[in-house]
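The values are calculated or read from the model by the stated rules, or taken from the named source; none is laboratory data. All of these numbers come straight from a predicted model, not from anything done at the bench. Here the Cβ positions follow ideal geometry from the backbone for every residue, glycine too, while neighbour counts run over all protein chains shown. Just the protein is used for accessible areas: all its heavy atoms, side chains included, with ligands, DNA and RNA removed. Shrake-Rupley method; radii C 1.70, N 1.55, O 1.52, S 1.80 Å.
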Amino acid sequence: MRVVHLTAFGGPEVLQPATVPDPEPGPGQVRVDLVRAALNHRDVWIREGRPGPLPAILGSDGAGVVSAVGPGVEGVAAGDEMVINPSLDWGEGEDAPGPAFRILGVPDQGTYAERIVVAAHQVRPRPAGWSRDECAALPLAGLTAWRALRLAGAGPRRRILVTGAGGGVATFLVQIGAALGATIRATAGSDPKVARALELGAETAVDYHDPEWPKQIGEVDAAIDSTGGSGLDAVVGRLVRGGVLVSFGDTAREPAAVDLAEVFLEWRRIQGTTMGSPREFDALLAHATTANWRPVIDSTHPLEDAAEAHRRLVNPARTGKVVLAIR
């Protein structure tokens, strides 16, 4: 089968097309012939040097058609169109995953490939009416957004700040949050991204380069952030007394300084999260089947052009998800 190998740690050029034998499902597993895959910043972090064996196949998001099932599999059959839940072996708890938890794609084989074998309980039917690009774009970013919004208490009259609203997860946060009835206030890095956030459902959107952005946003009940860095203190400062900051990333890649007095003297909370449980993934898909929103697709690239897709992923002009077309 065709794959893209991570051959070394470095720039996008280390992603090279290759051919490897087809995987075969074992007991309790299914093989999915992937049609689309989608990129996430996790792929970039691994490519740039997160330790691990090489060559490796990146990719946490994928959608396709079941082509084979292993012994003991029930409820899934060859020909079923599926999306893959990339939150592997979360466990039975909801507050946090168990010790076996990991994210699809390194150390396991990822979705930059024609075929993949996963446990049967990791696949779900493709949302009706969704395109293949949309199905592949949903799992990791959509699940992360769904859980973050739950932790932020999203619902009617709840004011939620979403920072960096041009990113993949952030576009889901704006859309799903608005669909759940929350009042979404967003920051973004350019006039086009500000306009896009408003189109997606934000009540207010401002450019975070403007030093007056905190005043323009006003007070919020919760904030959801994946940037971190030196701007995090200003985000915490927007929270009402008793408010919560939900953090799911660190794309600034620099230390964050928060005035703890602004936390404990105002009864504020900082909640970390990534991915979500199988129950949350099912709730997301149930919501998606009736929702009017769809994932924002920035661009689609052939599998063999994964290196160029990585360049697009880190381009400041990008808005939404970057997708790989496999077949």
* To do: Starting from 0 in steps of 10 Å, tell me what percent of the Cα-Cα pairs of region 159-246 lands in each bin.
  => 20, 59, 21, 0
* With a 1.4 Å probe and every protein chain kept in, tell me what percent of the accessible surface of the chain is carbon plus sulfur. => 53
* Structure fact -> Expressed as a whole-number percentage, the relative contact order of region 158-292 with C-alpha contacts under 8 angstrom and at least six residues apart is 19
* Added length on full extension, which subtracts the Cα-Cα distance from 0.36 nm per residue, F9 to R50 -> 14.0 nm
* Asked: GNM, the chain, Cα, under 10 Å: largest mean-square fluctuation among H41, H209, H310?
  -> H209
* Structure fact -> Expressed to two decimals, the chain has a Cα Rg over Rh, using the Kirkwood radius, of 0.97
* Structure fact -> Toy charge model, Lys and Arg Cβ at +1, Asp and Glu Cβ at -1: region 146-259 dipole around Cα centroid in debye, rounded to 20, equals 480
* Unit charges on C-beta of K, R, D, E only; dipole of the chain, Debye -> 360
* Write down the accessible area per residue of the chain in Å², having rolled a 1.4 Å probe over the full set of protein chains. => 41
* Structure fact -> Of the residues N292, L324, T274, the Cα lying farthest along the dipole of region 199-327 towards its positive end, which is defined by charges on the beta carbon of Lys, Arg, Asp and Glu, belongs to L324
* To do: Determine the sum of side-chain charges near A137: Lys and Arg each +1, Asp and Glu each -1, restricted to other residues whose C-beta is under 10 angstrom from that of A137.
  => 0
* Structure fact -> Expected max-MSF residue from P302, P255, P107 in the GNM of the chain (alpha carbon, under 10 Å) is P255
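When the Kirkwood radius is taken over all Cα pairs of region 153-303, what Stokes-Einstein diffusion coefficient follows at 20 °C and 1.002 mPa s, in µm²/s?
135
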* To do: Determine the distance separating the Cα centre of region 280-318 from the Cα centre of region 54-108; give it in Å without decimals.
  => 18
* To do: Please name whichever of P99, V162, V118 sits farthest to the positive end of the charge dipole of the chain, dipole taken about the Cα centre and charges placed at Cβ: Lys and Arg +1, Asp and Glu -1.
  => V162
* Asked: T300: accessible area at probe 1.4 Å, nearest 10 Å²?
  -> 60
